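Step one of this worksheet: look at the structure below.
We did not get these values from a lab; they are worked out from the coordinates using the rules stated. This structure is a prediction, so every number in the text was calculated from the model and none was measured. Reconstructed Cβ throughout: ideal geometry from the backbone, glycine too, with neighbour counts over all protein chains shown.
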């Protein structure tokens, strides 16, 4: 059996060729190349001494695994999860040659800094690995962001001092950091991320945790505030470390201004690997019937994998079921009139069910428009991503797919059903 061709290995979800992978680390774009770093135990099928694995892509879809970027035999400290940035203005003063510094952050109970001067392949420990900040309590998962208004760098780090929350630090040079504030919330556990997102001619700041729970609020250069009292979720499933969605991070330095995220899916494994990354999604802030929400949809580059398309229209299923031959690696798009139905279910290895009375897709609110909903499913051997109404609902699972079956309670009209067969990203 050749690499990447195991029967349950995702064909368009990234996974490590060998070994264990978990959290996405420091995703970024630099000079035509997307870099994906990730928590990696290259010689184990279970969590073990952490390295930073590394993969690159020119289109966010086809990935090539590179040599390990951070190795505990070479780099000091606990090489746990963290973020990174491209220092285009050389604010750090680390530049030495033609390449801009790529600066990444890791470490537990103290943040350590590593920098690359060769485009992100190899890294040097700054100050011999000495911690640049040490939050109180237990801490980990530093993520750095740029605030264009205050023209400063910001860092958000999870800490349990006084309960779950994050410490914020600011810097002018990515190396010397000053404590700015603390934001505490019970839901705010591990792998925090703060994202500046456009909306209505302005910007808001979204703060989310490893679970994908988030607030929409504001950042004034030192302090985060939000009027929200209950978090929402980027991915509306039961999310925890090792589930079908956890520890998402957004790419830095994107060339087109998009906000693109990838996360860890931990429930897939094979004879030589464990875990995979979610398919990249674009995040947008949008006004919905429930208020301001983050919506998520597959990146447009997915279309490059389509190798054949079948379209069927005006399919009527009434109090019964209909089967479709689809294979195990495909993208499905469906516009469904549910105005005369009680429930419609797509069976694809798990049941994806829309409850008409509750206006909910597997428990997540999804109001119909003029009696219609649109669903989009990415089915990839043992991975399933579900999107409803252009990303108002986003759900990810690790499941073994089956041929598609549509089950109707009441009268369901599938106005259009499109199945795109998808090729493999593994060249």
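The tail of the calculated P(r) for region 155-238 beyond 21 Å holds 28 percent of all Cα-Cα pairs.
Legend: ranking of residues 195, 311 from fewest to most surrounding C-beta atoms inside 10 Å; resulting order 311, 195.
Footprinting exposure proxy ranking of 243, 159, 181, fewest other C-beta atoms within 10 angstrom first, gives 181, 243, 159.
For the chain, the relative contact order comes to 14 percent (Cα pairs under 8 Å, sequence separation of at least 6).
When only C-alpha pairs under 8 Å and at least 6 residues apart count, what is the relative contact order of region 142-182, in percent?
Numbers: 72 pairs, mean separation 11.9, N = 41.
Rounded, it is 29 percent for region 142-182.
Note on the chain: with a GNM built from Cα contacts shorter than 10 Å, the maximum mean-square fluctuation among 265, 11, 323 falls on 323.
How would 59, 147, 87 line up from fewest to most surrounding beta-carbon atoms within 10 angstrom?
Details: 59 12, 147 17, 87 22.
The order, fewest Cβ neighbours first, is 59, 147, 87.
Here the contact order of region 306-422, divided by its residue count and restricted to Cα pairs under 8 Å and six or more residues apart, works out to 47 percent. Pairwise Cα separations in region 19-298 fall into 5 Å bins from 0 onward with the following percentages, short to long: 1, 6, 13, 18, 21, 19, 13, 7, 2, 0, 0.
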